[in-house]
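Bear in mind these aren't lab numbers, they're just calculated from the coordinates by the rules spelled out. Please read all numbers here as calculations on a predicted model, not as lab measurements. With ideal geometry, Cβ positions are generated from the backbone for all residues, glycine too; neighbour counts draw on all protein chains shown.
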Amino acid sequence: MNRMYRLFQGRYAGLGSIVLLAIVLMVVMPLAFDIYRLNLAGRYLTYAFVALGLVLCWGYGGILSLGQGIFFGIGGYAMAMFLKIESSDPESTSIQTTPGIPDFMDWNRITELPWFWVPFNSLTFTIIAVLVLPAAFAFLIGFAMFKRRVSGVYFAIITQALAVVLTILIIGQQGYTGGINGITDLRTLLGWDIRDDSSRYLLYYLNAILLIGCLLIGRWVLNCKYGRILTALRDKEERVRFSGYDVANFKVFIFCLAAFISGIGGAMFTLQVGFMSPSFIGIVPSIEFVIFAAVGGRLSLVGGVYGALIVSFAKTMFAEAYPQLWQFLIGAVFILVVLVLPYGLASIYGRFGQRLRTPLARWFGDRKTHSSTSDDGLQEKRS
Amino acid sequence: MSSNTNFLLAIENLTVSFDGFKAIEDLNFYMDESELRVIIGPNGAGKTTLLDMICGKTRASEGSIKFRGKELTRMREHRIVWEGVGRKFQTPSIYDELSVFDNLEASYPRGRSVFGALAFKRDDEVLRRIHEVANEIQLQTRLDDLAGLLSHGQKQWLEIGMLLIQEPELLMLDEPVAGMSVSEREETAQLLRKIAKGRSVIVIEHDMEFVASLGGKVTVLHQGKILAEGDMQALKQDQRVIDVYLGH
């Protein structure tokens, strides 16, 4: 029983809620939903990667990025390029002027696979690209911004502008990118049909496992000294700088980590949904990602996941009935959360959990030793 | 004037101007090892600006600041800290949302790079040092509390503790007793005298009683220049000092 209790206390705080989330994702949801709904949930869970990244860099690091769609998009497009090349084999594209290249290239009178598409023939390269490109791009942005001490609103506006620039670039270069339609009609991965039910189950589980993995990485980072420096520099950046830390490097790292996690989400989106388009990169999705994190709780890693699931499901149900009203509703929800629940749904859980934990703690005797619980104050919000 | 490397800190011909206004003008300032120096002066004399320039927050327009013979004027802020210069800000600057323990640990001088902070292990040496400093600043019973819950005086001590744990060779304190009660002032004076053993300390202060209780040499700044330097008793007789500062 003591061990059970420790799940909710001290260094194990937060781990309990991750275990609970894993059970919800891997047992409850597959049992409760049919494959159509489960696939939908899988799609929403790919947004949860981005929300998780935002909890890290916005919630803990104080770096609000309104351009996380960029990294989701880079991961998604990298995967889509690989799948598109595979589905464009000469046989199935024999009616094209130039068989063997993606259909939209043929429509735009391109006769050869562009050079930057060529490496995406390889799955190994694609996976590396998914894992490295978003973080590398984030490094460039972060290094340029944070070394010059751009922060706060200015940083948010610049990231948003970059998201718009990338969207315009993709839409404008139709022949190379598929334009506004995106890269569509993706069917197989190394000859394996990604659209039948069994592969959808498999991809859903892969997605859930990767998400839990990213949660554990996030939790580990926050529990390190690094995590406390991150919180410290959100509150008193000068004090951190004059305690001997190169603040810019700390910001670049968390921004890159958030981008890395978002990129994985993007690639899993492409695999589960079967297409990728600029509508998942621009302003609207980038702000939606922030709303997911805010509703779930920007200081709660699992909160970001629940936020993404709940808001997305609400959007699907509500938008089916009243498509025009959705934008107003989500706006109202966002304002409400900011005003009433600044730490999101997770703070409700936190308060309730506190009421549950206090009698438990009394029952098992006061086991507080500060070597393991010195960051309890944070852990509560973090749980 | 050539710089003398026997001094711990040698500031020569230092000038900084903000849009033509010279906050510090052609200032020369020297400090020995293990010296306790108090800087006084009327508002706008350039006291805080001087500390800002030593720690790299404000960059010099002209002149040099040498710490153990190393030029600080072009060094990046965190490097200056690595050289052994610690700075306490005027308003208590602590991490409200972290516990007292974490505040001290976040200032511990190991794991200062990103990957160093990720690999940082809270070993016995770290625990020992945190408890040692917590004892010194009398917060040993508050280690688990959030720093935001401390009283104003305790916050000031915590920030001093966060600097002590870095074992700086030069400690700069900007009005450490502002807003403190009488008994807190006495305890702080005691703490500072203890801290000053084995390291150099610069204190900016307005409270004359407190300055007198610290002992040590006093520098009077006025309009970005040094007006007088010496011990407190001598300065009290100095007509220029009385005119610009002590008189009112």
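So which trypsin sites (Lys or Arg not before Pro) in the stretch A:29-90 are both in a DSSP loop and have at most 15 other Cβ atoms within 10 Å of their Cβ? For trypsin sites (Lys or Arg not before Pro) across the stretch A:29-90 that sit outside H, G, I, E and B with at most 15 neighbouring Cβ atoms in 10 Å, the list is empty. Peptide B:84-96 shows a mean partner chain C-beta count of 3 within 10 Å per residue C-beta. Note on A:Tyr343, A:Tyr322: ascending count of other Cβ atoms within 10 Å places them as A:Tyr322, A:Tyr343, the fewest first.
Convex hull of alpha carbon positions in the protein assembly as shown: directionally averaged projected area 34.6 nm².
The calculated 222 nm mean residue ellipticity attributable to helices in chain B amounts to -9500 deg cm²/dmol, summing -39500 (n - 2.57) over DSSP H runs of n ≥ 4 and dividing by all residues.
Between A:Tyr154 and A:Thr316, residue separation times 0.36 nm minus the direct Cα-Cα distance comes to 55.1 nm.
Counted by neighbouring Cβ atoms within 10 Å, the residues A:Asp89, B:Asp145 run from fewest to most as A:Asp89, B:Asp145.
Projecting label points 7 angstrom from Cα along Cα→Cβ for B:Gln140 and A:Tyr201 puts them 6.2 nm apart. For peptide A:217-225, the mean count of partner chain Cβ atoms within 10 Å of a residue's Cβ comes to 3. Mean partner shielding of peptide B:49-57, defined as the number of other chain Cβ atoms within 10 Å of each residue Cβ, is 1. Anisotropy class assigned to the stretch B:136-196 is oblate, per the alpha carbon gyration tensor with a/c at or over the 1.5 cut-off and a/b no larger than b/c. Residues of the stretch A:269-304 with amide nitrogen under 20 Å from the 7 Å Cα-to-Cβ point of A:Thr184? Residues A:269-282, A:285 fall inside that zone.
Per-residue Karplus couplings for the stretch B:82-95, computed as 6.51 cos²θ - 1.76 cosθ + 1.60 with θ equal to phi - 60°, are listed in order as 4, 5, x, 10, x, 9, 9, 7, 5, 8, x, 10, 10, 9 Hz, Gly and Pro entered as x. Residue by residue, the stretch A:332-343 carries 3J(HN,Hα) couplings of 5, 4, 4, 4, 4, 4, 4, 6, 9, 10, x, 9 Hz when phi is fed to the Karplus relation 6.51 cos²θ - 1.76 cosθ + 1.60 (θ = phi - 60°); x denotes Gly or Pro. For B:Ala228, nonlocal amide neighbours, meaning residues 5 or more places apart or on other chains whose placed amide H falls under 5 Å from its own, are B:Val220.
Under the convention that each Lys and Arg Cβ holds +1 and each Asp and Glu Cβ holds -1, the size of the dipole of the stretch B:9-246 around its Cα centre is about 560 debye.
Helical runs (DSSP H, four residues minimum) scored at -39500 (n - 2.57) apiece and divided by the length of chain A put the mean residue ellipticity at 222 nm at -22000 deg cm²/dmol. Using the Karplus relation 6.51 cos²θ - 1.76 cosθ + 1.60 with θ = phi - 60°, the per-residue 3J(HN,Hα) values for the stretch A:91-101 come to 5, 7, 10, 5, 7, 6, 4, 10, x, x, 10 Hz, with x marking Gly and Pro. Tell me which residues come under 5 Å, amide H to amide H, from A:Gly274 once H is placed; ignore anything under 5 positions away on its chain. Residues meeting the amide H criterion: none. Arranged from fewest to most other beta-carbon atoms within 10 Å of their beta carbon, A:Phe260, B:Phe120, B:Phe21 become B:Phe21, B:Phe120, A:Phe260. Across all C-alpha atoms in the stretch A:205-306, the radius of gyration and Dmax reach 15.7, 50 Å. The H on the amide N of B:Arg87, modeled in the peptide plane, is under 5 Å from the matching H of B:Met172, each at least 5 residues off or on a different chain.
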